[in-house]
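Each remark here refers to the structure printed beneath this line.
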Amino acid sequence: MKPAKFFAVIPAAGIGRRVGGDRPKQYLEIAGRTVLEWTVSRIAAFERVKRVVIPVAADDDYFTTLACRLPAKCSAVVGGAERCHSVLNGLDALAGEAAPDDWVLVHDAARPCVQESEIERLIGELENHDCGGLLGVPVRDTLKRCDAQGSVVDTLDRTGLWQAQTPQMFRFALLRSSLEAALADGALVTDEAQAVERAGHRPRVVLGHTDNLKITHPDDLEAANRILQTGYEV
């Protein structure tokens, strides 16, 4: 039996209005590179990852100027209206290369600070798993449920709660069929693990790092800039 191959999908079709700026957040510059360049470089640096597919918006004019600066193993496809549509388009683009049991790492375009050690741990702990899993960190702060007016309704027990991160790593055929089934049911899942959970599987959470933040607000951009300027090199 041939060893499983590894592929990656980095959905980058979103707009990210909450960050601000004159362009989608993945094209904002931090520490001398665009967010997307940093993110792609993290994943593409792994020799075991044979190909990186980047779903982008159909009217994305920024990617064409960036493409020449990305590794040769990277290519773009047209993304979709939601993250789940974009990831599925990326998987469709891999259909001619990826075997059913090959692995696909899906990573947020707006997570440029993921560490090499985290990805190595994810692959090492999941390579022999039946379906796969994701990086995550235990919830540390007290969680409050609030109403529409911002008044506290309840305090949640954080025991066993984890904050999901990416990469999320799943078998190619399982992830593709899980996303297809979710969309057929009208469920716009917010991450790949949710789709796999709906299909009856139990993804495993692998310990990540709090530095692997997702750029969502302007403060996140500043935090990522500080992290990347402290010696991260690819």
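The values are calculated or read from the model by the stated rules, or taken from the named source; none is laboratory data. Keep in mind the model is a prediction, meaning the values are calculated, not measured. All Cβ positions, glycine included, derive from the backbone under ideal geometry; neighbour counts span all protein chains shown.
So for the range 184-197 (the condition being modelled with pLDDT of 95 or more, polar (S, T, N, Q) and surrounded by 16 or more Cβ atoms within 10 Å (Cβ to Cβ)), does at least one residue qualify?
Filtering the range 184-197 down to residues modelled with pLDDT of 95 or more leaves 184-197.
Filter again for polar (S, T, N, Q), leaving 190, 194.
Filter once more, keeping what is surrounded by 16 or more Cβ atoms within 10 Å (Cβ to Cβ): 194.
Yes; the residues of the range 184-197 include at least one that is modelled with pLDDT of 95 or more, polar (S, T, N, Q) and surrounded by 16 or more Cβ atoms within 10 Å (Cβ to Cβ).
Condition check ((1) in contact with a helix residue (DSSP H, G or I) (Cβ under 9 Å, 6 or more places away or on another chain); (2) of a type in the set (A, V, I, L, M, F, W, C); (3) touching a residue at least 60 places away in the same chain (Cβ under 8 Å); (4) not in a helix (DSSP H, G or I)) across all residues:
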| site | (1), (2), (3), (4) |
| --- | --- |
| T39 | yes, no, yes, no |
| A58 | no, yes, no, yes |
| T64 | no, no, no, no |
| A76 | yes, yes, no, yes |
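Just to be sure, is R51 under 25 Å from D101 (Cβ atoms), in contact with a Phe, Trp or Tyr (Cβ under 7 Å, 6 or more places away or on another chain) and not in a loop (DSSP other than H, G, I, E, B)? Lay out the reasoning, then the answer.
On the way: under 25 Å from D101 (Cβ atoms): yes; in contact with a Phe, Trp or Tyr (Cβ under 7 Å, 6 or more places away or on another chain): yes; not in a loop (DSSP other than H, G, I, E, B): yes.
Taking the combined requirement at face value, the residue satisfies it.
Can you tell me which residue is surrounded by the most Cβ atoms within 10 Å (Cβ to Cβ) among those in the range 138-150 that are closer than 30 Å to R121 by Cβ and free of Cβ contacts under 8 Å to residues at least 24 places away in the same chain? Show your work before the answer.
Going through the range 138-150, the residues closer than 30 Å to R121 by Cβ turn out to be 138-143.
Adding the requirement that they be free of Cβ contacts under 8 Å to residues at least 24 places away in the same chain leaves 140-143.
On the way: R140: 9, D141: 7, T142: 9, L143: 11.
Of everything passing the filter in the range 138-150, L143 is surrounded by the most Cβ atoms within 10 Å (Cβ to Cβ).
Please count how many residues of the range 197-217 are part of a loop (DSSP other than H, G, I, E, B), among the hydrophobic types (A, V, I, L, M, F, W, C) and more than 17 Å from W38 (Cβ to Cβ). Summing the residues that are part of a loop (DSSP other than H, G, I, E, B), among the hydrophobic types (A, V, I, L, M, F, W, C) and more than 17 Å from W38 (Cβ to Cβ) in the range 197-217 gives 1.
Counting the residues of the range 151-191 that are in contact (Cβ under 8 Å) with a residue 40 or more places away in the chain and either of a type in the set (D, E) or in a loop (DSSP other than H, G, I, E, B) (or both) gives 5.
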